[in-house]
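Structure record follows, encoded as structure tokens.
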Amino acid sequence: MKRRLVQLDVLRYDPEKDAAPHLQRYEVDCAEEWVVLDALNAIKEDLDPTLNFRWSCHMAVCGSCGMMINGEPKLSCHAFLRDYDGPIRVEPLGNFPVERDLITVVDDFLGKLASVHPYLIPKDGAPTAATGEYRQTPAQLARYHQYSMCINCMLCYAACPQVALQPKFIGPAAITLAHRYNLDSRDGGRDERQETVASDLGVWECSFVGACSEVCPKGVDPAAALQQVKVASTIDWFKEHLLPGGGRK
């Protein structure tokens, strides 16, 4: 098995000891097929057990190992060492407060996610377990399937310049997941979500830079989702203000 010595400059920060974050260099004997997460685990196991970071699945499914790698938001389990030359700079995700080392505080994101009700809100008269299946055609599934692939890794928040400018912006992932459920034929909760999604700190904060879609590891394309939400919200406005009866049937 081919191996090489890899240098990693890892951001360290212990709020109980450090006045400010700083970089610490490690030299790690790595296998050629390793990813950055493997190198971090080697550091923690063999060189420095005080290093802190999050990870779980090592398969780009859980979304917990997001970091800034050479300045780019990436899943560390998908960042292959062979793709980097020279020292690799590893830092916590941008646009989030740092709790310790590579661990960020995600409470604000979780609050934003909860605010859009990212779950099915059944329509009136929807089938129940007692009355039968709630069937959906392949075409109905295809409308929202891409947006259901979000793993809440928060890379899009780290990449979004609007999140950096306006931290209260609900952000790409939360709005994309709201859109996913709004497109679901089984769902009846769009009106509830729109109060948040179409607010000043909702979709209208998006300036369509598209960085969120560039860094998404699952090909969700949140930038496209947000533009679709803008179109739908604009149609809502025209119906409410220009149609007789506010567009209500």
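The values are calculated or read from the model by the stated rules, or taken from the named source; none is laboratory data. In this text, all values refer to a predicted model and were calculated from it rather than measured experimentally. Methodologically, a virtual Cβ is constructed for each residue, glycine included, from the backbone with ideal geometry; neighbour enumeration extends over all protein chains shown. For the accessible areas, the whole protein counts, side chains as well, though only heavy atoms, and no ligand, DNA or RNA atoms are used. Shrake-Rupley method; radii C 1.70, N 1.55, O 1.52, S 1.80 Å.
Given the criteria crowded, with 17+ Cβ neighbours inside 10 Å, under 29 Å from residue 240 (Cα atoms) and modelled with pLDDT of 95 or more, does residue 178 qualify? Criteria met by residue 178.
Screening residue 89 against (1) more than 20 Å from residue 44 (Cβ to Cβ); (2) basic (Lys, Arg); (3) surrounded by 14 or more Cβ atoms within 10 Å (Cβ to Cβ) leaves a single unmet condition, (1). The criterion of at least 1 residues that are in contact with a Gly (Cβ under 9 Å, 6 or more places away or on another chain) and modelled with pLDDT of 95 or more is met by the following strands (runs of 3 or more DSSP E) wholly inside region 1-96: 3-12, 66-69, 72-75, 88-91.
The residue of region 193-249 that is modelled with the lowest pLDDT, among those that are among the acidic types (Asp, Glu) and surrounded by fewer than 14 Cβ atoms within 10 Å (Cβ to Cβ), is 240.
Checking every residue in region 151-173 against the condition of being open to solvent by less than 40 Å² (accessible area, probe 1.4 Å), within 20 Å of residue 60 (Cβ to Cβ) and polar (S, T, N, Q) gives zero matches.
Would you be able to say whether some residue in region 205-214 is acidic (Asp, Glu), in contact (Cβ under 8 Å) with a residue 12 or more places away in the chain and touching a helix residue (DSSP H, G or I) at 6+ places or on another chain (Cβ under 6 Å)? Yes; the residues of region 205-214 include at least one that is acidic (Asp, Glu), in contact (Cβ under 8 Å) with a residue 12 or more places away in the chain and touching a helix residue (DSSP H, G or I) at 6+ places or on another chain (Cβ under 6 Å).
Would you please list the contacts, defined by Cβ atoms under 9 Å and residues six or more apart or on different chains, that run from a residue in region 84-111 that is of a type in the set (Gly, Ala, Ser) to a residue that is surrounded by fewer than 16 Cβ atoms within 10 Å (Cβ to Cβ) and modelled with pLDDT of 95 or more? Here the result reads 86/7; 94/71; 94/164, each pair linking region 84-111 to a residue that is surrounded by fewer than 16 Cβ atoms within 10 Å (Cβ to Cβ) and modelled with pLDDT of 95 or more. In region 46-83, of all residues being among the polar types (S, T, N, Q), over 22 Å from residue 20 (Cβ atoms) and touching a residue at least 12 places away in the same chain (Cβ under 8 Å), the one that is least open to solvent (accessible area, probe 1.4 Å) corresponds to 76. Being surrounded by fewer than 16 Cβ atoms within 10 Å (Cβ to Cβ), in contact with a helix residue (DSSP H, G or I) (Cβ under 9 Å, 6 or more places away or on another chain) and closer than 17 Å to residue 197 by Cβ is the filter here, so list the residues in region 111-147 that pass it. 114, 119, 120 - these are the residues of region 111-147 that are surrounded by fewer than 16 Cβ atoms within 10 Å (Cβ to Cβ), in contact with a helix residue (DSSP H, G or I) (Cβ under 9 Å, 6 or more places away or on another chain) and closer than 17 Å to residue 197 by Cβ.
Which residues, taken from region 115-174, are more than 20 Å from the chain's Cα centre (by Cα) and farther than 16 Å from residue 188 by Cα? Residues satisfying the conditions are 129, 130, 131, 132, 133, 137, 138, 139, 142. Scanning region 76-129 for residues that are basic (Lys, Arg) and in contact with a Phe, Trp or Tyr (Cβ under 7 Å, 6 or more places away or on another chain) yields a single hit, 100.
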